[in-house]
1. If I ask for residues that are polar (S, T, N, Q) and closer than 24 Å to LYS126 by Cα, which ones from segment 155-174 would you list?
2. Look through VAL224, VAL271 and report the one residue that is part of a helix (DSSP H, G or I) and within 20 Å of the chain's Cα centre (by Cα).
3. Of all residues in segment 330-344, how many are part of a loop (DSSP other than H, G, I, E, B) and either in contact with a strand residue (DSSP E or B) (Cβ under 8 Å, 6 or more places away or on another chain) or surrounded by fewer than 24 Cβ atoms within 10 Å (Cβ to Cβ) (or both)?
4. Considering segment 226-243 alone, what residues qualify as being surrounded by fewer than 21 Cβ atoms within 10 Å (Cβ to Cβ) and either touching a Cys at 6+ places or on another chain (Cβ under 6 Å) or more than 26 Å from THR335 (Cα to Cα) (or both)?
5. Could you say whether any residue in segment 385-394 is at pLDDT 95 or above, closer than 14 Å to ASP366 by Cα, in contact with a Cys (Cβ under 9 Å, 6 or more places away or on another chain) and in a loop (DSSP other than H, G, I, E, B)?
6. Run down ARG86, ARG124 and say which single residue is at pLDDT 95 or above, under 14 Å from GLY20 (Cα atoms) and over 20 Å from the mean Cα position of the chain (by Cα).
7. Restricting the first residue to segment 262-273 and requiring it to be within 18 Å of ALA232 (Cβ to Cβ), which pairs with a second residue that is modelled with pLDDT of 95 or more and among the aromatic types (Phe, Trp, Tyr) meet a Cβ separation below 7 Å and a spacing of at least six or different chains?
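The values are calculated or read from the model by the stated rules, or taken from the named source; none is laboratory data. Given the structure is predicted, the values throughout are model-derived calculations rather than measurements. Note that we place each Cβ from the backbone using ideal geometry, even for glycine, and neighbour counts take in every protein chain shown.
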Amino acid sequence: MELLRKLKKRVEDKNLVSVGIVGCGQMGSGLAHTINNINGMQVNCIADIDVKKAINTFAEQGISKSDIIETTHVGTANDAIKKGKRVVTTDAMMMAEIDLLEANVEATGLPDMGAQMAINSIERKKPIIMLNVETDITIGAILNHKARQNGALYTVASGDEPGVCTMLYEQAVLMGFEVIAAGKGKNNPMDLTATPESCMEEALSKEMNPKMLASFKDGTKTMVEMAAVSNATGLLPDTPGMHGPKVELDDLVNVYRPKTDGGIFKTRGAVDFSTGKIAPGVFIIVYSEDKRIRKDMKFITHADGPYYLLFRPYHLCDIETPQSVAEAVLLNEVTVAAETMNSEVVAIAKRDLKAGETLKGIGSTDIFGRIYTYKEARILNTIPIGIAENGKIIADVRKGEPLTTLNCLPDSTSFIYSLRQEQDKLIQL
């Protein structure tokens, strides 16, 4: 492979691809360990508000604590990396300014932090690879637009569902198929009432952030992931929140097709998910009327068609992300990036909300996310979940109702809010 050849050359030249990671939670620390096992790449700096996490991640890789430098000064960071030291910092914003970092991976999961980090990197023409899909589904179109205008590179990472689904989508199109649906397996039942408190015991047993686990259980993460797929491909949710039936692998191709052919969709070209036992897999349902293609598919796959299942039984999250890093740095290639907004993840009240309350964010006791088409969300004047945190409730909202401009006032002081306003002006319905 070309990437492996280029990485081998980096080893020979003693010029390893130098990577920075912002956020040292489950994904960020896992990515650091993965890169530590790849010849030709090296994590040289990790930023986290809890600097001990970053120090421990390097220490777990056998790096002496005397070779780990803590600093918030760009010059000190550059000097340390030049001397073969590793850097940890609480100042994520300086990461884009460190000349000796060739790319940064944003893994905080915090929409506003992701927005700031992305813009800082874009302005300095440093590739930014997003494991923070929450930022992408809120302002990914404007970030990609700004990156292309500035000769920079912005991309969502491979490994997470958006990257893997988009890869399957592109492969299907390049094989001449019509893509009927793209989907993922949700690995737990939908629980719209999940909170950090209700998830605490399970989260601790899995060494997860309880808030993050709540966002998985209440469906927000699934909505976010499939919205990213939608924005990258043009596939749309067939209904708000998608269908999400419990379907097992053998029946996917029979269910995720148009109603006219016995399936669940009103239209062709949808994003959806299943609560059947297919996680961590992702899938594409494709269609062909071509008799020769159907003959070949029958010979190769034994499937009758005209609908076919393309299934990948895994997505490996941060373990696959180094491919996006290598493609960005060595080939100047994007994995996933939205050209426009096709779908929106809307903030929905998780409980009765009273006027005067200030909202907590994703995975909290206050809200969960539900996917809509972007057009429908704009018509309803809904609040995107990525700008809902710290918003003010200005009129009572019942549990299960969407937040709109009539009942919620977003925090207009946040960085991501200003970018979202700019994006909304750019995208015309």
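1. Taking segment 155-174 first, the residues polar (S, T, N, Q) are 155, 158, 166, 171.
Matches in segment 155-174: THR155, SER158, THR166.
2. Values: VAL271 fails: part of a helix (DSSP H, G or I).
Checking each option against the conditions leaves just VAL224.
3. Our first condition is that a residue be part of a loop (DSSP other than H, G, I, E, B); within segment 330-344, this holds for 332-335, 337-342.
Now restrict to residues that are either in contact with a strand residue (DSSP E or B) (Cβ under 8 Å, 6 or more places away or on another chain) or surrounded by fewer than 24 Cβ atoms within 10 Å (Cβ to Cβ) (or both): 332-335, 337, 339-340, 342.
Residues flagged as part of a loop (DSSP other than H, G, I, E, B) and either in contact with a strand residue (DSSP E or B) (Cβ under 8 Å, 6 or more places away or on another chain) or surrounded by fewer than 24 Cβ atoms within 10 Å (Cβ to Cβ) (or both) within segment 330-344 amount to 8.
4. THR239, PRO240, HIS243
5. Residues of segment 385-394 at pLDDT 95 or above: 385-394.
Narrowing the set further to residues that are closer than 14 Å to ASP366 by Cα leaves 385-393.
Those left that are additionally in contact with a Cys (Cβ under 9 Å, 6 or more places away or on another chain): 388, 391-393.
Restricting the remaining residues to those that are in a loop (DSSP other than H, G, I, E, B) gives 388, 391.
Yes, the conditions are met somewhere in segment 385-394.
6. Numbers: ARG124 fails: under 14 Å from GLY20 (Cα atoms).
Being at pLDDT 95 or above, under 14 Å from GLY20 (Cα atoms) and over 20 Å from the mean Cα position of the chain (by Cα) holds for just one of ARG86, ARG124, which is ARG86.
7. Once the first residue is within 18 Å of ALA232 (Cβ to Cβ) and sits in segment 262-273, its partners that are modelled with pLDDT of 95 or more and among the aromatic types (Phe, Trp, Tyr) give ASP272/TYR256.
Results for (1) surrounded by fewer than 18 Cβ atoms within 10 Å (Cβ to Cβ); (2) hydroxyl-bearing (Ser, Thr, Tyr); (3) not in a helix (DSSP H, G or I), shown as yes or no for each residue.
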residue	(1), (2), (3)
LEU3	yes, no, no
LYS9	yes, no, no
LEU31	no, no, no
ILE35	no, no, no
ASN39	yes, no, yes
ILE63	yes, no, yes
